[in-house]
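**Q** A single structure is presented below for examination.
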Amino acid sequence: MKCAIILAGGKGTRMRADCPKVMCNVLFKPMISYVGDAGKEAGAQDICVNTGYRHEEVEEYLNGEYSGVKTALQSPQLGTGHAVMQAGEFIEQHLEDDILILNGDGPLMDAETINKAYSYHKDNENSITLISAIVDDTDGIGHIKRDENGVLLRIVEHKDATEEEKKINESNAGCYWFNGARLKYALSNITDNNAQHEYYLTDCLEILINAGDNAGAYIVENSEVILGANDRRQLNILNNIMRKNINEGLMLNGVDIPCTDGVIIGKNVKIGNSTVIMPNTIILGNTTVGSGCTVGPNTYIDNSTVGDDVVLDNCKITDSTVENGVDAGPFVKVRAGSVLKKGVHIGNFVEVKNSVVGEGSKSAHLTYIGDSDVGSNVNFGCGTVTCNYDGKNKFRCKIGDGAFIGCNTNLIAPVEVGELAYIAAGSTITDDIPGKALSVARARQVIKEGWVDKKKPYKEKK
Ligand code: UD1
Ligand code: CA
């Protein structure tokens, strides 16, 4: 069985963040979520996360997103080896298993790379297999030291390295496969005899080699996967790489992104082929977009389901469902709990909140549909407002199929408009309207002939 330990205890001083480092976001999701996903995708059936600095925040996040994940608290934080020691109970349960250890601040490490390293680990019957990469920037890395024949010797942390060792450009990724029992053995032999007076997990390599165990390094082809972030500048680099990888993956699957400027798409987003994503479009969360759509420019979608052949132009859509053939925008906001059924058209400056808008209904301009159940083929005149809030409570409006709502209507909720009913423009509707009835709810127009000459309301011109 495969299991995993994820290191997430560090403070990340250089981030200057208000949260533990692993909770800093890449593409609007904490770094640790990518690491957790990679571990799961690589087949880890049991996962233990080492928490430390502001551990409650990490635990709360894990409980929400990864139920079943175990945690082990490290306090104080005395290094990566010390962190893994805190998972002693977990290791004890997995002495016979293959244990994957991942740095929580390396969100680009992917399951494919981890799996390749696993095959290498098993094929060579290793006790430890680490992942490494040849890098340009050697500052701050763990240098992989080999003898003149290329045989692994140990990992030298940058702060402990001699000038000569600092030139070694093979970097430790912070991602390892261990045999459970041999991990336990190695941990019991780590000391803090180094420049930082920390217990380095990386010392396990030399300890196991000295014990006569098989050890190996799986060198990745693409060194980007080992990048981590210690400060905001590096976080931005990770964001850009992740963004590029996701966009390119989508393009290879037939999504058309003619210009990637401002196009940010989250890792869990699914988009169908022949959908065009226009500039400045952000799509996040568990969002699905169908095929043949045009999304953007300037559109934001979070946690929503969008069907096929949908046009979303300058829209903001959150926690909602947009069915096939909907045409929305420009300047539309669809808030949580809304469903726009097939073929709905909502146009400029229309807001929909917690409402169902039935098939083929239209609201072309300047309308607020809140807490409402709207039937099919309803026509909203310009400036319709559902007055859903009395300052204390919210109420719903119900609008029957085929109703015609004149411009500038106020619907004072709770109120029901019957099927095929008509509302005269400018009405303020407080009472239910039966089906097929006309409702006029406004003062009659009064005309006072010659009033201006009599009253002289304007300043007289000289
Ligand atoms: C570590 C490796 C280094 C490797 C690099 C790759 C060690 C000693 N060094 O260095 O060889 O090249 O990762 O990115 O392991 N953490 C804890 N408790 C602690 C200290 C750290 O949980 O006491 C966690 C951090 O939250 C982080 C991870 O361990 O997620 C790595 O710690 P960090 O301090 O960033 O290690 P590096 O200096 O980057
Ligand atoms: Ca790091």
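**Q** Using only C-alpha atoms and all pairs of different ones, pull out the Kirkwood radius for segment 157-280 in Å with one decimal. Let's see the in-between values first.
**A** On the way: mean 1/r = 0.0545 Å⁻¹.
Averaging 1/r across every pair of different Cα atoms and inverting gives 18.3 Å.
**Q** Then there is this: If you split all Cα-Cα distances of segment 1-103 into 5 Å bins from zero, what percentages do you get per bin, shortest first?
**A** For segment 1-103, the pair-distance distribution reads 2, 14, 26, 26, 20, 9, 3, 1, 0.
**Q** In 5 Å bins starting at zero, report the fraction of Cα pairs in segment 235-295 per bin as a rounded %.
**A** Once binned at 5 Å, the Cα pair distances of segment 235-295 give 4, 21, 32, 30, 9, 3, 1.
**Q** Radius of gyration and Dmax for segment 305-371's Cα atoms, expressed in Å?
**A** Both quantities, over Cα of segment 305-371: 9.8, 26 Å.
**Q** Given a Förster distance of 25 angstrom, what is the FRET efficiency for Lys11 paired with Thr260, based on the Cβ-Cβ distance and rounded to 0.05?
**A** My answer for the efficiency is 0.15.
**Q** Quick check: Cα centre of segment 93-109 to Cα centre of segment 39-54, how many Å?
**A** For segment 93-109 versus segment 39-54, the Cα centre distance is 7 Å.
**Q** Could you state the principal axis extents of the C-alpha atoms in segment 417-462, from the largest down, to the nearest angstrom?
**A** Rounded to whole Å, the extents work out to 58, 16, 15 Å.
**Q** Determine the calculated [θ] at 222 nm for the chain from helices alone, applying -39500 (n - 2.57) to every DSSP H run no shorter than 4 residues and normalising by the residue count; nearest 500 deg cm²/dmol.
**A** It lands at -5500 deg cm²/dmol.
**Q** What's the Cα-based Rg to Rh of segment 1-47, Rh via Kirkwood?
**A** Values: Rg = 12.1 Å, Rh = 11.5 Å.
We get a ratio of 1.05 for segment 1-47.
**Q** Given a Förster distance of 35 Å, report the FRET efficiency between Asp390 and Lys459 from their Cβ-Cβ distance, rounded to the nearest 0.05.
**A** Working from the Cβ atoms, E equals 0.25.
**Q** Please go through segment 134-227 and write out the chymotrypsin sites (Phe, Trp or Tyr not before Pro) that DSSP classes as loop and that have at most 14 other C-beta atoms within 10 Å.
**A** none
**Q** Would you work out what percent of the accessible area of the chain, with all protein chains in place, is carbon or sulfur (probe 1.4 Å)?
**A** Answer for the chain: carbon and sulfur cover 47 percent of the accessible area.
**Q** Loop-only chymotrypsin sites (Phe, Trp or Tyr not before Pro) in segment 1-109, please: DSSP not H, G, I, E or B, and at most 13 other Cβ atoms within 10 Å. Walk me through the intermediate numbers first.
**A** Working: sites: Phe28, Tyr34, Tyr53, Tyr61, Tyr66, Phe90; in loops: Phe28, Tyr53, Tyr66.
Listed in order of number, the matching sites are Phe28.
**Q** Give a quick list of GluC sites (Glu not before Pro) in segment 376-462 that DSSP marks as loop, anything other than H, G, I, E or B, with at most 11 other Cβ atoms within 10 Å. The partial results should precede the final answer.
**A** Working: sites: Glu416, Glu419, Glu449, Glu460; in loops: Glu419, Glu449, Glu460.
Those that pass, being in a loop and sparsely packed, are Glu449, Glu460.
**Q** For the pair Asn210 and Glu449, how long in nm is the line joining their label points, each one 7 Å along Cα→Cβ?
**A** So the two model labels end up 11.3 nm from each other.
**Q** Rounded to the nearest 5, what % of the DSSP beta bridges within segment 343-437 are antiparallel ones?
**A** Working: 1 of 29 bridges.
Roughly 5 percent of the beta bridges in segment 343-437 run antiparallel, per DSSP.
**Q** Now a separate question. Just need the relative contact order of segment 1-137 here, percent rounded to a whole number, with Cα pairs under 8 Å and 6+ apart.
**A** Contact order relative to length: 34 percent.
**Q** Still on this structure, please answer the following. Taking every alpha carbon pair in segment 301-426, what does the distance histogram look like in 10 angstrom bins from 0, in percent?
**A** Using 10 Å bins, I get a P(r) of 16, 51, 29, 4 for segment 301-426.
**Q** Could you give the size of the charge dipole of the chain about its Cα centre, using +1 on the Cβ of each K and R and -1 on the Cβ of each D and E, expressed in debye and rounded to the nearest 20? Display every interim value, and only then the final one.
**A** On the way: 46 positive and 61 negative charges, 658 e Å.
Here the size comes out at about 3160 debye.
**Q** Also: Quick one: in the chain, what % of C-alpha pairs are over 38 Å apart?
**A** Across the chain, Cα pairs with separations above 38 Å total 44 percent.
**Q** Angle between the Cα long axis of helix 55-65 and the longest principal axis of the chain, 0 to 90 degrees, nearest 10?
**A** Helix 55-65 sits roughly 60 degrees off the main axis of the chain.
**Q** Taking R0 as 35 Å, what's the FRET efficiency between Gln45 and Asn230 from their Cβ-Cβ distance, rounded to 0.05?
**A** Details: r = 31 Å, r/R0 = 0.88.
With a Förster radius of 35 Å, E is 0.70.
**Q** Now for a different question. Per residue, how much accessible area does the chain have with a 1.4 Å probe, in Å²?
**A** Value for the chain: 48 Å² per residue.
**Q** Also: For segment 205-271, place one equal point scatterer on every Cα, skip the solvent, and apply the Debye formula. What is log10 of I(q)/I(0) at q = 0.18, 0.22 Å⁻¹?
**A** -0.80, -0.99
**Q** Next up: Tell me the angle of helix 31-41 to the major Cα principal axis of the chain, expressed in degrees between 0 and 90 and rounded to the nearest ten.
**A** Helix 31-41 sits at roughly 70 degrees to that axis.
**Q** While we're looking at this one, here's another question. Within segment 359-375, find all residues whose amide N lies under 16 Å from a label point positioned 7 Å from the Cα of Ala425 along Cα-to-beta-carbon.
**A** 364-367
The values are calculated or read from the model by the stated rules, or taken from the named source; none is laboratory data. It should be emphasised that the depicted structure is a prediction, and the values quoted were computed from it without experimental measurement. Here Cβ is always computed from backbone atoms with ideal geometry, including for glycine, and neighbour counts include all displayed protein chains. Just so you know, the surface numbers come from the protein's heavy atoms only, side chains and all, with ligands and any DNA or RNA stripped out. Shrake-Rupley method; radii C 1.70, N 1.55, O 1.52, S 1.80 Å.
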